[in-house]
Amino acid sequence: MTNKIRDLRKQNGLSQQDLAKRIGTTGQQVGHLEAGRRKLTQGWMERLAVGLDCGPADLLGAANVSSNLLQPVPPRPSGDTTMRTATIERRTKETKIRAAVNLDGTGEYTVSTGIGFLDHMLEQLSRHSLIDLEVEAKGDLHIDFHHTTEDTGIAIGEAVAEALGNRAGITRYGAAQIPMDETLTHVALDISNRPYLIWKVEFTRPKLGEMDTELFKEWFQAFAQAAGVTLHVENIYGENNHHIVESCYKGLARALRQAIEIDPRKSDAVPSTKGVLGGSL
């Protein structure tokens, strides 16, 4: 399907990275959408329309306008049990990753990244958020773990963003304070479609297992950017580096669990006075 995303982006004087920042995704994802390598779903159309200051119909070439595509997303009825799911496949010269999520799951997971400690953290993320998670990653681990760690964060974040759709009905905000023995960590987030990370976490060891501790920030940054989440992570105190980072992932999980829940009092509305999430403040 041809589309006019590239033309509209250039008319607005935006690079792919500029547009990606506006809509809470990556420049590579924008490139896939422009080239037709990623399906232009209703959710993507609404996000792009906000970023490009246009209507969803403006994104499509005249020959591709479908009345079904241009219908507004129907309200989510109270008690609706439709599963919010998505699968993302990300391929680069450095990594090949498949990530699948079910936001309305029970915390079931199958995770294989080739990095044992990262697998352990992603299993915690799934179990404590109740998001079903499947991750299969193959990367250039013979070089280091950076590309696989970062790209796994991107793929999971993109899957969460796609499963959320236009984000109608969600609680939007979540926060958790997680104790783990001597450690206490606070995580707060807003599923705002305005990605931002505040990371106040320090480690006293360069590695956990074979994984560089500096890579944990890279994962959280990649996830926040791709998912369109404003994310604050602060380790209040702690000594054991394993406990510190595990409390960060568990905090993210619990905060996500709150934020993605459907608010039964407003299940048919996007939680913003603007009527959409994303764009400038």
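Computed from the coordinates by the stated procedures, all read-outs in this text should not be read as laboratory data. All of these numbers come straight from a predicted model, not from anything done at the bench. FYI the Cβ positions are ideal-geometry reconstructions off the backbone, even for glycines, and counts take in every protein chain you see.
Provide the per-residue ³J(HN,Hα) series for segment 248-262, in order, calculated from phi with Karplus coefficients 6.51, -1.76, 1.60 and θ = phi - 60°, each as a whole number of Hz, with x at glycine and proline positions.
Ordered by residue, 3J(HN,Hα) equals 5, 5, 5, x, 4, 4, 5, 5, 4, 4, 5, 5, 8, 4, 6 Hz.
Given contacts defined as C-alpha pairs under 8 Å and at least six residues apart, what's the relative contact order of the chain, whole-number percent?
It rounds to 22 percent for the chain.
With label points built 7 Å along Cα→Cβ from the Cα atoms of Gln258 and Thr41, find their separation and express it in nm.
Result for the modelled spin labels: 2.6 nm.
Quick check for you: which residues of segment 168-188 have the amide N under 12 Å from the point 7 Å beyond the Cα of Lys217 toward its beta carbon?
So the set is empty, nothing qualifies.
Lysine pairs in the chain with alpha-carbon atoms under 18 Å apart, 8 or more places apart or on different chains: how many are there?
Summing the qualifying lysine pairs gives 9.
Please compute P(r) over all alpha-carbon pairs of segment 5-64, binned at 10 Å starting from zero, and give each bin as a whole-number percent.
25, 66, 10
Go ahead and estimate [θ] at 222 nm for the chain from helices alone: -39,500 (n - 2.57) per DSSP H run with n ≥ 4, summed, over the residue count, rounded to 500.
Result for the chain: -11000 deg cm²/dmol, rounded to the nearest 500.
Let me check I have the definition right: for segment 85-259, take the eigenvalues of the Cα gyration tensor, multiply each by 5, take square roots. What are those semi-axes in whole Å, largest first?
22, 21, 14
In a shell of Cβ-Cβ distance under 12 Å around Ile131, excluding Ile131 itself, what net charge do Lys and Arg (+1) and Asp and Glu (-1) give?
-2
Which percent, to the nearest 5, of DSSP beta bridges fully inside segment 85-259 are antiparallel?
The antiparallel proportion sits near 80 percent.
Which longest uninterrupted range of the chain lacks any GluC sites (Glu not before Pro) assigned by DSSP to a loop state (not H, G, I, E or B) and surrounded by at most 12 other Cβ atoms within 10 Å?
Answer - 1-181.
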